[in-house]
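Here's the structure, in structure tokens; my notes come after.
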Amino acid sequence: MTMRINWAVKFGACLLALAVMLLWSAPAQAQSAGEKVYKAKCAGCHGPDGTAATAAGKATKTPSVCTEEAAKATDADWTEIITKGKNKMPAYDKKLTEAEIKDVIAYMRSLCKK
Ligand code: HEC
């Protein structure tokens with residue numbers, strides 16, 4: 001009998017742990033797709049804030065996306081650079097979907113509006 005109660009307690013604890021895990025992961029899901037892609041693949045060079053003030057950003061001469069020049073570039077210009085690459089900027093046409101590129105551009109634009 002005690003065996004059974006033990007099992008029920010363990011099962012309950014498991015469910016509780018699962019619920020806690022789900023609650024914890026909820027804020028991560030609230031992150032936009034663009035933000036996720038940016039932080040995983042782009043922030044190394046472009047910097048978490050888009051100003052490219054990281055070691056890799058300096059080494060690759062990555063420009064800040066918060067300049068007047070960058071503000072003038074259209075989404076089409078940026079899509080072209082992201083898909084085809086430019087100088088040290090890698091091409092992402094095989095690594096990102098069109099939707100992801102659109103989202104990541106929106107996220108990069110939002111970085112400078114703070
Ligand atoms: C290895 C470093 C590196 C990584 C990683 C990188 N970039 Fe870049 N990026 C650059 C460099 C360098 C340039 C400037 C290219 C040029 O004009 O010579 C650039 C330019 C750009 C531009 C044009 C606007 C500007 O600031 O000149 C956009 C948009 C951009 N990158 C988006 C991205 C996105 C989105 C990702 C991730 C999916 C990414 N980059 C990852 C190095 C990088």
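Tabulated values for the structure
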read-out	value
Matching residues in the range 36-78 - criterion: being part of a helix (DSSP H, G or I), more than 18 Å from Asp93 (Cα to Cα) and either outside the structural domain of Tyr92 (by TED's automatic domain parsing) or among the acidic types (Asp, Glu) (or both)	Glu68, Glu69
The range 71-97: number of residues that are at negative phi and in contact (Cβ under 8 Å) with a residue 12 or more places away in the chain	11
Some residue of the range 53-63 being modelled with pLDDT under 95 and either surrounded by 15 or more Cβ atoms within 10 Å (Cβ to Cβ) or small (Gly, Ala, Ser) (or both)	no
Scan of the range 62-107 for residues that are within 7 Å of the ligand (Cβ to nearest atom) and of a type in the set (Ser, Thr, Tyr), ordered by number	Thr62, Ser64, Tyr92
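The values are calculated or read from the model by the stated rules, or taken from the named source; none is laboratory data. Note that the structure is predicted; figures quoted are calculated from it, not measured. Here Cβ is always computed from backbone atoms with ideal geometry, including for glycine, and neighbour counts include all displayed protein chains.
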